[in-house]
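Read the structure below first, then the notes.
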Amino acid sequence: MSLLNVRDLVYTYSLGSPLEHTAVDSVSFTIKKGEFIGIIGHTGSGKSTLVQMLNGLLKPTSGTIELDGVNIWAKPKEIRRIRFQVGLVFQYPEYQLFEDTVAKDIAFGPTNMGLDSEEIENRVYRSAEFVGLKRELLEKSPFDLSGGEKRRAAIAGVIAMDPDILILDEPCAGLDPVGRDILLSQIYHYHRERGNTVILVSHSMEDVASVCDRVMVMNRARLEMFDTSQNIFSRGEELREIGLRVPQITSIVDNLIEAGVPLSKGVLTVDKAVLDITEYLKKEGRL
Amino acid sequence: MRDITLGQYFPCDSVLHRLDPRLKIVSLIAFIVLTFCAFNFYSLALVGATVIAVVLLSNVPVKMYLKSLKVIIIIVIITSLLNLFYGQGEPIFQWWIFKVTWAGIYNAIFVCFRIIFLILFSSALTFTTSPNDLTDALERLMKPLTVFHIKVHEIAMMMTIALRFVPTLLEETDKIMAAQKARGADMESGSLVARSKALIPILVPLFVSSFRRAYELAVAMECRCYQGGDGRTRMKQLKLMKRDYICIAICLLVIAGVVLCNIFLPQIR
Ligand SMILES: Nc1ncnc2c1ncn2[C@@H]1O[C@H](COP(=O)(O)OP(=O)(O)OP(=O)(O)O)[C@@H](O)[C@H]1O
Ligand SMILES: [Mg+2]
């Protein structure tokens, strides 16, 4: 069953002025329920613009977005409902915190949905747990948190709305390496546990390769490729041409293949590579 | 929010863009005074011709000027109407408490054109002068005031910084609004109270980030040993060129023209 169906999407900034600039150009794709999608692309390729259209923050210049078969702009008055269904976590979301306690800030979205206070409290605790925010932090002022904790609080604020589709625009940018991995695995577990669709925009090929089922590649406002992670990252040459690269481990394995070692292409994680290489060595009788 | 053109800089190349900013400010003041000293239709027409010449010379699309006029059109209409009904003398038309006299009609026309000319002249200045040049020129023009212990340099620096951060803050406001809307903030509907309450999630982050920016800017300035205006030299020295002298000559001609029109041509009121 297809959840999100996008056809010929175009977005032009400052339409009709000398500064006119098309940031997203004839993009079409379909996403099924429960998929984990990655979006990669060079800086300025239109990723943030695309995801802002998906939850109705930007109105497409032309083209349609269908959610469960219904055009999201069919009733412009009810666009707020779409924003609850498609939750968007912005690039650097920590600057949107404003309440006097973290708990209240996380509750902002659910409160806007008009839920009762018991349900709101439940959701605040659950989503804080999902992103790994400790309970005692919930009563602190959001401005007293560290950068990484602020980021988690902001993500929890969107997860608390329990959206069918969760979109994260570079959630790991600016975090320390361990923090990135933890946050990413928390997002992955959230996806696993709830079965929600997740769309992850990221500049880290490693992150995308390790968690995403399918990957969109944006290049100069256009959707260049959309395929499984494995297929995408076996096309290293093409990726390099548009200013991207493959995960380090993939390129190591690719180099081994070039050097004559019979391994399979499109290896995405270190674990898989280790498995493949030991198997090969065993077969050769060298281990 | 980005459609406000009043007071914006329009980067392109023209004679006006290249003129000395100090000269532009002084001529603006001269022309504003002149606009209010135009007592008959001939001198008003002369000022009008000057405005049109300035607008055309600035190389800025006329559309931009019209946009900045749009902001004050209501003020123009109201003041013209007030003047129309408050004229002295023989009424040529009367209805209830409203009476229209010739003097009233003249007043209305003059006031209307004076405001329009005023806006066009000042728009021409801001369109053709970058905020930095503008404050720089103001600082130099106000230099004599240091005698009265007025901190001219500090005032100019504050103006420069304020102007510099207007677009940044607008951009930031857009971003924060989008982020809160994504969490279901509703800013378009509801009562007045509800709507002002809906501003809190936008204003708080905006203030927080403004303070952060101010702090960072202060640190950055201190790191470069900024200590105020004393003993600072300038990278860009302003010097009057040939075109500036031509501009002065033209301004003097227009002033003389208006004065002569006022004295020698018939007064119409
Ligand atoms: N508010 C805006 N007004 C005008 N142009 C914009 C605006 N926002 C973005 N753009 C332009 O649209 C293009 C796409 O921007 P977008 O933010 O979608 O890129 P991105 O792929 O998210 O980049 P990054 O990886 O740096 O986040 C860029 O060229 C940018 O300059
Ligand atoms: Mg982006």
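The values are calculated or read from the model by the stated rules, or taken from the named source; none is laboratory data. Keep in mind that this is a model prediction, so the values were computed, not measured. Cβ sites come from the backbone with ideal geometry, for glycine too, and all protein chains shown count toward neighbours. Ligands, DNA and RNA are excluded from the accessible area calculation, which covers all protein heavy atoms including side chains. Shrake-Rupley method; radii C 1.70, N 1.55, O 1.52, S 1.80 Å.
As a summary of the residue check, residue A:139 satisfies the conditions (1) in contact with a helix residue (DSSP H, G or I) (Cβ under 8 Å, 6 or more places away or on another chain); (2) over 22 Å from residue A:41 (Cβ atoms); (3) surrounded by 16 or more Cβ atoms within 10 Å (Cβ to Cβ) except for the one numbered (3).
When the residues of the range A:21-60 are narrowed to those that are without any contact (Cβ under 8 Å) to a residue 24 or more places away in the chain and touching a Phe, Trp or Tyr at 6+ places or on another chain (Cβ under 7 Å), which ends up nearest to ligand 1 (Cβ to nearest atom)? The extreme case among them is A:21. Scanning the range B:156-167 for residues that are within 14 Å of another protein chain (Cβ to nearest Cβ), assigned to a helix (DSSP H, G or I) and closer than 20 Å to residue A:96 by Cβ turns up nothing.
Yes or no, residue by residue, for (1) over 30 Å from residue B:212 (Cα atoms); (2) within 16 Å of ligand 2 (Cβ to nearest atom):
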position	(1), (2)
B:98	yes, no
B:119	yes, no
B:126	no, no
B:140	yes, no
B:172	no, yes
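Looking only at residues of the range A:164-189 that are among the hydrophobic types (A, V, I, L, M, F, W, C) and more than 20 Å from residue A:53 (Cβ to Cβ), we find that the one that is nearest to ligand 1 (Cβ to nearest atom) is A:173.
Check B:155, B:200 and return the single one that is open to solvent by 40 Å² or more (accessible area, probe 1.4 Å), under 22 Å from residue A:91 (Cα atoms) and of a type in the set (Val, Ile, Thr). Quick ask: steps written out before the conclusion?
Numbers: B:155 fails: under 22 Å from residue A:91 (Cα atoms).
Exactly one residue qualifies, and that residue is B:200.
Within the range A:246-270, restricting attention to residues that are charged (D, E, K, R) and surrounded by 14 or more Cβ atoms within 10 Å (Cβ to Cβ), the residue that is modelled with the lowest pLDDT is A:265. Among the residues of the range B:47-65, write down those that are crowded, with 19+ Cβ neighbours inside 10 Å and part of a helix (DSSP H, G or I). Residues satisfying the conditions are B:47, B:50, B:51, B:54, B:55, B:65.
Take residue A:192 and decide whether it is buried (at least 18 other Cβ atoms within 10 Å of the Cβ), part of a helix (DSSP H, G or I) and either within 12 Å of another protein chain (Cβ to nearest Cβ) or more than 16 Å from ligand 1 (Cβ to nearest atom) (or both). Walk me through it before giving the result.
On the way: buried (at least 18 other Cβ atoms within 10 Å of the Cβ): no; part of a helix (DSSP H, G or I): yes; either within 12 Å of another protein chain (Cβ to nearest Cβ) or more than 16 Å from ligand 1 (Cβ to nearest atom) (or both): yes.
So residue A:192 fails the test.
Does residue A:200 meet the test of being more than 30 Å from residue A:66 (Cα to Cα) and among the aliphatic types (A, V, I, L, M)?
Values: more than 30 Å from residue A:66 (Cα to Cα): no; among the aliphatic types (A, V, I, L, M): yes.
Against the criterion (more than 30 Å from residue A:66 (Cα to Cα) and among the aliphatic types (A, V, I, L, M)), residue A:200 does not qualify.
Among the residues of the range A:38-62, not one is within 18 Å of the chain's Cα centre (by Cα), away from ligand 2 (no atom under 16 Å from the Cβ) and not in a loop (DSSP other than H, G, I, E, B).
Please indicate, with yes or no, whether at least one residue in the range B:219-240 is farther than 30 Å from residue B:111 by Cβ, among the basic types (Lys, Arg) and part of a helix (DSSP H, G or I). Explain how you work it out, then say what you get.
The first filter runs over the range B:219-240 and keeps only residues farther than 30 Å from residue B:111 by Cβ, leaving B:219-240.
Going one step further and asking which of them are among the basic types (Lys, Arg), we end up with B:224, B:232, B:234, B:236, B:239.
Narrowing further to those that are part of a helix (DSSP H, G or I): none.
No, that holds for no residue.
Here the range A:8-24 is the region considered, the condition is being away from ligand 2 (no atom under 16 Å from the Cβ) and not polar (S, T, N, Q), and the residue that is nearest to the other protein chains (Cβ to nearest Cβ) is A:18.
Considering each residue of the range A:189-196 in turn, at least one proves to be modelled with pLDDT of 90 or more and within 17 Å of residue A:39 (Cβ to Cβ).
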